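Colleague: First the structure, then my questions, so here it is.
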Amino acid sequence: MPAQVAVSVHGPNQVPDGGLTEQWERLLAQSTRSESLFQSRSWLDQLPAPEKGPPWELFTLHDPRGELLALAPVRRGRQRLRFHVSARTLAEIRLPAVNLQGSEPLLAEGQPPLEALVDALWRHYPRAQCLYLDSVTVNGDVWRQLQRLHAAGWALVYAPDGPRAHHMLDLPTAFPAYLRAQFSAKTRNTLRRKQRQLAAAGELRLWRVEKASEVADFLARAAEVSRQSWQHRRLGPRVHQTAAEQRRLCGLAERGLLRSYLLFCGHQPCAFVLGYQYRGVFHYSEVAFDARYGRRRLSPSLVLLYRLIEDLTVHRPARCLDFGVGDADYKRLFANRCHTDATVLVLRRSWRNRLLLAAHRGFRGAIRTLKGGLGGVRPSRPSLPAPAVGRGGAHGG
């Protein structure tokens, strides 16, 4: 570990009130990353406890004068490295992992002391094989430090699916202003027509879910929609109607973080969004719609998103909507800002991990070659600049 950086580790019951808590809140307030929600104490305290050990721990990094450099909440778990074609998983390897909450440390000043943090994580979690960073901004400070660690051979740094689009929507104060700025007259007419078509099948009602008393009913109705969705058939349940999930969402609601939606067509729920709002950022976390409406050429998820955005401008207004990782047509349609990010794994240097990454990289390359040789097959993601970090490919399968 670099001698100029001192690292301390605090469990959930070991974070002292006062100085450190105040510094934590101040860094969250200063952060410009929408992912700061996942680094907040309010979010971390609702995470389910593992079988062994604390649900999360807080790493603090200080310089020789004792000045705080960075905070990094982390959580232990297992990370899947999938060998997949589109949504179909052919095989997967589960690696003992440490999840860096929010993907990048909360910085007090200067460059992120990433080498010291990774070294401390390896020492504290000797069985962990990788550090998981869900959304690293390409060409940002953390990305460049990862490049240096990779080039120096200090760690194995790998972006399994390469870079991808991350869409955002900066919300105006008035919904009509957003519609005029975002869409042509033809598209605005199309969106209104889709609402009329869905309304012809039943009266439309948007239910905003923010209270703990609403969580059980929301989960039951969202699970009903999920079971009829294409995502359920290909990816599994989109919501979990369990006691643990109900407790988690109730806890988030009590802290003012829960903001989810359910769209009814008549008496029937037809689409839902599981979402959260923190410091003016709405997180569009999980979405599904009843595929039976799609077979009738109706668009419940599009109508839900349209009305959700309108609600974000009038009730507890948000300044930004984060569509989350990955690209999609509807995100490109409604978003007005986009940056490039990537999921990154930082692995210990070992022959086993080297062979694993070589096998995965070879598999991804074969899939890209196969797709490129099939005329008319559209890649699942747009082509993006290749990262300098070790990569699995610029296109996901």
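Colleague: Please turn the phi angles of segment 51-67 into ³J(HN,Hα) values with the Karplus equation 6.51 cos²θ - 1.76 cosθ + 1.60 (θ = phi - 60°), one per residue in order, whole Hz, x for glycine and proline.
Modeller: With coefficients 6.51, -1.76 and 1.60, one gets 5, 10, x, x, x, 7, 9, 10, 9, 10, 10, 10, 7, x, 7, x, 6 Hz.
Colleague: Now for a separate question. Sort Asp322, Asp311, Asp329, Asp161 by Cβ crowding within 10 Å, fewest neighbours at the top.
Modeller: By the 10 Å Cβ count, ascending, the order reads Asp329, Asp311, Asp161, Asp322.
Colleague: Can you list the residues of segment 45-87 with backbone N under 14 Å from a point 7 Å past the Cα of Thr369, pointing along Cα to Cβ?
Modeller: none
Colleague: Just want the ordering: Arg221, Arg144, from fewest to most Cβ atoms lying within 10 Å of their own Cβ. All intermediate terms of the calculation are to be shown ahead of the outcome.
Modeller: Numbers: Arg221 19, Arg144 16.
Lowest to highest Cβ neighbour count: Arg144, Arg221.
Colleague: I've got another one for you. Roughly speaking, what is the stretch gain from Ser184 to Asp141, that is 0.36 nm per residue apart minus the C-alpha to C-alpha distance, in nm to one decimal? Please report the intermediate quantities before stating the final value.
Modeller: Values: separation 43, 0.36 × 43 = 15.48 nm, distance 3.71 nm.
Taking Ser184 through Asp141 to full extension adds about 11.8 nm, to one decimal.
Colleague: Rounded to the nearest 0.05, what FRET efficiency is calculated for Glu22 and Thr89 with R0 set to 41 Å and r the Cβ-Cβ distance?
Modeller: On the way: r = 44 Å, r/R0 = 1.08.
About 0.40, to the nearest 0.05.
Colleague: Calculate the FRET efficiency for Arg297 and Arg82 from the Cβ-Cβ distance with a Förster distance of 25 Å, rounded to the nearest 0.05. Intermediate values should be presented prior to the final figure.
Modeller: Working: r = 33 Å, r/R0 = 1.31.
Rounded to the nearest 0.05, the efficiency is 0.15.
Colleague: Using 1/(1 + (r/R0)^6) with R0 = 51 angstrom and r between the beta carbons of Arg205 and Arg65, what's the FRET efficiency to the nearest 0.05?
Modeller: Working: r = 58 Å, r/R0 = 1.15.
So, using R0 = 51 Å, E works out to roughly 0.30.
Colleague: Report which label in (1) 2.78; (2) 1.03; (3) 0.99 holds the value of Cα Rg over 2.2 N^0.38 Å derived from the coordinates of this structure.
Modeller: (2)
Colleague: Please compute the contact order of segment 87-193 in relative form: average sequence separation of alpha-carbon pairs under 8 Å and at least six residues apart, divided by the residue count, as a percent. Can you show the working numbers first?
Modeller: Details: 58 pairs, mean separation 25.1, N = 107.
Worked out over segment 87-193, it gives 23 percent.
Colleague: May I pose another question? With +1 assigned to the C-beta of every Lys and Arg and -1 to the C-beta of every Asp and Glu, and no other charges, what is the dipole magnitude of segment 172-318 about the Cα centre in debye, to the nearest 20? Kindly include the intermediate steps, with their values, before the conclusion.
Modeller: Working: 26 positive and 11 negative charges, 137 e Å.
That gives segment 172-318 a dipole magnitude of about 660 debye.
Colleague: Which whole-Hz ³J(HN,Hα) couplings does segment 267-272 yield from phi under the Karplus relation 6.51 cos²θ - 1.76 cosθ + 1.60, θ = phi - 60°, glycine and proline marked x?
Modeller: Here the 3J(HN,Hα) series is 9, 9, x, 10, 7, 9 Hz.
Colleague: With +1 on the Cβ of every Lys and Arg and -1 on the Cβ of every Asp and Glu, and nothing else charged, how large is the dipole of segment 4-111 about its Cα centre, in debye rounded to the nearest 20? Don't skip to the answer; put the middle values down first.
Modeller: Working: 12 positive and 12 negative charges, 144 e Å.
About 700 debye.
Colleague: What number, in percent, do you get for the relative contact order of the chain if the mean sequence gap of Cα pairs under 8 Å and at least 6 apart is divided by its residue count?
Modeller: Details: 722 pairs, mean separation 83.2, N = 397.
Reported as a whole number, the value is 21 percent.
Colleague: Provide the net charge surrounding Gln79, with neighbours chosen by a C-beta distance below 12 Å and charges set as Lys +1, Arg +1, Asp -1, Glu -1. Intermediate values should be presented prior to the final figure.
Modeller: Numbers: positive: Arg75, Arg76, Arg78, Arg80, Arg82, Arg94; negative: Glu92, Asp134.
Local net charge: +4.
Colleague: Give the long-range amide H neighbours of Val138: residues separated by 5 or more places, or on another chain, with amide H under 5 Å away, using H modelled in the peptide plane at 1.01 Å from N.
Modeller: Thr340, Asp341, Ala342
Rule-based calculations on the coordinates, nothing more; no lab input. None of these values were measured; they are calculated from a predicted model. With ideal geometry, Cβ positions are generated from the backbone for all residues, glycine too; neighbour counts draw on all protein chains shown.
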